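Structure record follows, encoded as structure tokens.
The values are calculated or read from the model by the stated rules, or taken from the named source; none is laboratory data. If you're wondering where the values come from, they're calculated on a predicted model, not measured in any experiment. FYI the Cβ positions are ideal-geometry reconstructions off the backbone, even for glycines, and counts take in every protein chain you see.
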Amino acid sequence: MSDEIKSHQVKIKFFTKDNEESIQLNSSNDQALFVPETLKRYGLSEILNHLLQSSTDGPVPFDFLINGEILRNSLKDYLINKGLSSEILLNLEYKKAVLPPTYLNSFNNDDWISSLDLQGQNVLSGSYDGIVRTWDMSGNVKKQYQGHHGAVKAVKYISDTRIITGSLDRTLRLWKTGAESESLEDDNTEEGKTLAILEGHEAAVVSIDVNGNRILSASHDNSVGIWSTNYKEMNIVDSLSKQNYSDAKGSTQTQKRRRMADKDGSTRRRAPLAILESHTAPVEDIIFDQNDASVAYSVSQDHTIKTWDLVTNRCIDTKTTSYALQSILQLPELNLLACGSSVRHITLHDPRATTKITNEQLNGHKNFVVSLARHPTNPHMFVSGSHDSTCKIWDVRSNKPLHTITREKSTIDNKIFAVKWSDAINAVVSAGEDKEIQFNKTENIV
Amino acid sequence: MVSFKNNKITSFLKRKSSEKQNTKTKRSLEDVESEEEIDEMKLEGMIDVNDSENEDAEEEEEAESEGEEAVENFKDIDEEEEQAEEEKVSGSDIADNASGTDVSSVNEEDELNSEDYEESGSDVSSFGDEDVNTPATSIGDTSNVESGITKTIYSDGTLRLIKPEIDPVYESDDSDFFQPKNTIGNIPIEVYDEMPHIGYDINGKRIMRPVKGKDGTSAIDRLLESIDLPAGWTGLVDKDTGGSLNLSNEELELIKKVEMASRGEVMNEEDNEYPEYVDWFSRHLEVMPLQAVPEPKRRFVPSKHEAVRVMKIVKAIREGRITTGKKVREQLQEEKKNYDLWGDNQDEGIDHIMQLRAPKLPPPTNEESYNPPEEYLIPQENKDEIEEFKAKNGFVPTKFAALRKVPGYANSVREKFERSLDLYLAPRVRKNKIQIDPESLIPDLPSPQDLKPFPIMTSNVFKGHADKVRCLDIDPTGEWLATGSDDGTVRVWEILTGREVYKTQLFVKEDEDYDGSKVEALAWNPDQQTGILAIAFGEQLLLVVPPVFGFEKENNGKTKIENGFGFATFGNSKNTIEGNALGVESDENSDNDDEDEEKTQKHSATSGKKKVLPATWNKPTVAQQEKDILISINCQKQDTIKKINWHKKGDYLVSVQPNSGSTAILIHQLSKHMTQSPFGKSKGIIMDCKFHPFKPQIAIATQRVIRVYDLQEQVLIKKLLTGAKWLSSIQFHPRGGDHIIATSFDKKLLWHDLDLGNLPYKTLRYHSKAIRQAGFHNSLPLFATCGDDGMIHIFHNNLYMNDLLKNVLIVPLKKLKGHKVTNNIGVMDICWHPKQPWLFSCGADGTARLWTA
């Protein structure tokens, strides 16, 4: 009697959008069936495996979606939350479950790593010791780029042979990378060569994005700089050493410092194509729109998301939230902007909507969300890095994280500053205060 | 109706009179016996008419015949012989009877109804009409009987005559219609108002309206009628005549009778409902009294009994047993005044019917006596009985030799005394317990949820210092946090990542020549374009530009510091010559600076006495240069600078050396490398000193008092009595200005509104240990306090700047716990991010923390 009351049945029907042959239901199985409403993901997955009878290589774990929302609890909880009757037919979309990421390995660096970029098998890292490094997959530093006077805060590949870096010393540097073969043969790391020093920001450069031949930089001087990948396009700035003698105003110590800076005296110095000033607080992150190279989005501590038109160099839209923002990521297939905030959550915004501020909040982090990276192919998934020393894998269809990646070789309180999702090895690459570049394999995410 | 009655009455009266005439004629006939024929006729008629009488007579005859033989004969004759004989006999009999019964019969006839009379009347008349002279008419001969009379036989065989109904002809004297009668029936009389007539009589003739109308005479008549009403006036209009309807007294009486009859009352004409009362026995002396008894003796002899009673009263009055009303009242008053507390106030309070006296206790019984008779005592042997008695009555009868041997006696007097004492000393005031809902005492504060954002959690821990972090400050751009620690370092941190970007080691404790100076205070120059950090290190004030800002800003700051050197040397050289110093200062700084007058005045005052400057501005030594020190200001007094505060324009810096007496407070001017001591007299131990955020004022906190001075007028504006025993710091509200919060080592937070007198507007005790620092947020309505209990308290404050009538609202928002208490020292300093709702704190645990929303 009591069992009957407890186990109400729900009518469900499975379907999938996946094209993989092995997980298609044949027509004999493709029928509505009654299951107890207390079933959760695991139970449903068992039923589905039974229906599929693909016992060749063991059961396949599945995730289930109802109306585009990932089922996180039992069917009953879903029905109660949505206020639905238990007599309706639930269409359950199934897809192969995202398995928890598995730890691959870590590369050890000398200092905090502030930024990462990936290109194929190469990992580019910027560090607080002011050195930019290129790593291969075996953990060797292939190249070193020394030149910044402060911590490197942003690194980005422009092409195979060019990288751009931004630093706490208020400059960006355009580097040329040498041929890779040489460095592999020698055991010595090769020094990169600075093509040009890009000056123009008055405070730390914290974020860089590259699209085509344009570079965008976000700086704590409340501005966004537009640069070119070709230094010839930009105006020449007189080096400090040249100013040095003409300008008699410097204080005694300044003069000393200038002499030290003369090392870079021979390097080209370039001015920005444009400086975009509209933010009222330090700009924390900037990205190009992936569909339209003339549009950029920036987030700032002044609580706003600004949309820039790079043709006219104007801010065309400002969305104001109620908290300082730290990072931004575009999900172009969904027309969403994911923004990491200082109040521990990730918000999803539609850049097209001018009035509506927040679509959804993804809660789970316990500190600033400072880095976001999307899955190379899956339009719904991205990974976030936070100061709470975790990375979390998100599916926008669920407002809770799918998986959490913790630091392997560390104790507590090791902030993550950068996270990337590698296409080549299908792994989450993260780095931070613990001086480690950590790789976590993420399988079967399509 | 009335008229109808009238008719009836008249006819009734008429009939009566005719009857009387009839009886008269009878009597005359009896008297005159000679006229036999007429007599016989009449008798015969009598017999015929009065059947019933006849029968009665026959019965009488039968009764008589029992004793007489003649009766038989008579019967025989009656059957066989002729009518004449029979007539004679019967006639004589009846004639005998008639003489005796004459009067009674008349009386009887009166009582008979009118129909009988009519019959008899008609009889008479019919006889009158007929030929009286036919005596030969026999009984059996019906043909001779007049027409209309039918003969029938009763059931017993006797003859019965039925006479026809009398048709009253018009001439008959009992006709009612003596006047015309209106025949309009139900038609209202008003219809005829326009007409000269008022209706039609039975013959269809008009009944004319009585003379009335417009001529004056009739109006006068009516007036007269209305003045004195004629007898029987009813105010009605007689429908038949059109005149007023008057009724006579008889008619009214009749109506009255009819009404009474209709109500079922029967009224005799003689009965008077209200007969006049005759007072036979009155006080008037009758000439012929109804009784003539002589008056008794007691009426005029004095009463002995009364004399006895009067004498009793007289005696009582004489003896004073009966008093007058006045005395009685006096006595009552006396009783009221002196209340007999111990009296048996049994009657008291029984002034209401619902008040019931408690039932009287039964008098004590023999068992209860202390000395009961033997028979009431229960012998000790039968314990069951004792128990039973005790259970029932609660005591056991016991015998004592004397009352004083009763166990309770010893204490009874004392007990009585104490009870009396209790009564005497007991307060007789009714205490009213005040019912206050404790909830209502809690002020109505807004919910902290509505006052977001405010810091709630640690986002960042700045780790690196090896010893307690004494002080911290955030640079005006909100990028860099500077902390000063007892480990001898001053460090600059990137706030978001917690990365230390700059460090300078001011001293090493292990050094031999270390004099125990500590970094006591830090302050960034409020000018965003300089990046100058002022460090209070012992009695030195060091200015540093940390290399984190980039060339331009750093150079700007450095040049600003170094620019003063030329002036300072110039000033120094002049300073030995008094007058020039004054002149230069006034020349150079006559624009808008607040302290000019102050300074010149001080200089003129002090320079006369001593030519020692309160502080010297020194170029950094080589060792100092390595520590990035750009200038060091060495104060004269060997006393640690505890607090420093920049003026908002970034040119003036005030330093506090608590125990330096008159030079405890020094104001340093960056642009001229000048130091001045604004106060000539010691104010005591100075704990803190702050510039007003926008007015030329300065607030100085001694251990107990805060004084606010106007720098232009050089006067004391306000002296705030905090009530605290030992203040630790003060803080101006950055936007409101005229609000100061002060913290004290005796756990108090005091909010002073300068407009509200010199006592604290609010005193808050939230910390469990000494409070070290308080801080206002620059732009948000937040402030915070920190203390040695390791807690940081966040408060919301609303000054209601637009509403002058409202006082400040202070809402406690959050307790931030995170710093560890080390050596009884908790959080040592706090400061707010200039834009974000973020708070920085540093503590004795060697860390600084960033608290974010």
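Would you confirm whether any residue within the stretch B:829-836 is within 14 Å of chain A (Cβ to nearest Cβ), touching an Asp or Glu at 6+ places or on another chain (Cβ under 8 Å) and modelled with pLDDT under 90? The answer is yes; a qualifying residue exists.
Of the candidates B:Thr497, B:Thr489, the single residue that is closer than 30 Å to B:Ser517 by Cα, surrounded by 19 or more Cβ atoms within 10 Å (Cβ to Cβ) and either touching a Leu at 6+ places or on another chain (Cβ under 8 Å) or among the β-branched types (Val, Ile, Thr) (or both) is B:Thr489. Answer with yes or no whether B:Asp513 is under 25 Å from B:Ile667 (Cα atoms), among the charged types (D, E, K, R) and outside any strand (DSSP E or B). Spelling it out, it is not the case that B:Asp513 is under 25 Å from B:Ile667 (Cα atoms), among the charged types (D, E, K, R) and outside any strand (DSSP E or B). In the stretch A:281-311, the qualifying residues are those that are part of a loop (DSSP other than H, G, I, E, B) and more than 20 Å from A:Glu333 (Cα to Cα), and the one that is farthest from the other protein chains (Cβ to nearest Cβ) is A:Val311. If the condition is being within 22 Å of the chain's Cα centre (by Cα), more than 14 Å from chain B (Cβ to nearest Cβ) and within 19 Å of A:Lys176 (Cβ to Cβ), then the stretch A:137-155 contributes only A:Val155.
Is it the case that the stretch B:527-547 has a residue that's in contact with a strand residue (DSSP E or B) (Cβ under 7 Å, 6 or more places away or on another chain), surrounded by fewer than 24 Cβ atoms within 10 Å (Cβ to Cβ) and within 14 Å of chain A (Cβ to nearest Cβ)? Checked the stretch B:527-547: at least one residue is in contact with a strand residue (DSSP E or B) (Cβ under 7 Å, 6 or more places away or on another chain), surrounded by fewer than 24 Cβ atoms within 10 Å (Cβ to Cβ) and within 14 Å of chain A (Cβ to nearest Cβ). Listed by position, the strands (runs of 3 or more DSSP E) inside the stretch B:738-816 whose residues that are surrounded by fewer than 21 Cβ atoms within 10 Å (Cβ to Cβ), in contact (Cβ under 8 Å) with a residue 60 or more places away in the chain and in contact with an Asp or Glu (Cβ under 6 Å, 6 or more places away or on another chain) number at least 1 form an empty set. Looking across the stretch B:737-763 at every residue that is more than 18 Å from B:Gln703 (Cα to Cα) and among the hydrophobic types (A, V, I, L, M, F, W, C), the one that is modelled with the lowest pLDDT is identified as B:Leu756. For the stretch A:268-280, taking the residues that are within 14 Å of another protein chain (Cβ to nearest Cβ) and not hydroxyl-bearing (Ser, Thr, Tyr), the one that is surrounded by the most Cβ atoms within 10 Å (Cβ to Cβ) is identified as A:His279.
Checking A:Leu174, A:Leu216 one by one, the residue that is touching a helix residue (DSSP H, G or I) at 6+ places or on another chain (Cβ under 9 Å) and either at pLDDT 85 or above or at positive phi (or both) is A:Leu174 and no other.
Scan the stretch B:371-384 and give yes if some residue there is farther than 30 Å from B:Trp342 by Cβ, free of Cβ contacts under 8 Å to residues at least 24 places away in the same chain and β-branched (Val, Ile, Thr), otherwise no. There is at least one residue in the stretch B:371-384 that is farther than 30 Å from B:Trp342 by Cβ, free of Cβ contacts under 8 Å to residues at least 24 places away in the same chain and β-branched (Val, Ile, Thr).
Quick check on the stretch B:702-724. Is at least one of its residues in a strand (DSSP E or B), touching a His at 6+ places or on another chain (Cβ under 6 Å) and touching a residue at least 24 places away in the same chain (Cβ under 8 Å)? Within the stretch B:702-724, one or more residues are in a strand (DSSP E or B), touching a His at 6+ places or on another chain (Cβ under 6 Å) and touching a residue at least 24 places away in the same chain (Cβ under 8 Å).
Are any of the residues in the stretch A:321-338 assigned to a loop (DSSP other than H, G, I, E, B) and more than 13 Å from chain B (Cβ to nearest Cβ)? Yes, the conditions are met somewhere in the stretch A:321-338.
Note on the stretch B:375-484: enclosed helices (runs of 4 or more DSSP H) holding 3 or more residues that are farther than 30 Å from B:Trp832 by Cβ, away from chain A (no Cβ under 14 Å) and of a type in the set (Lys, Arg) are B:383-393, B:409-425.
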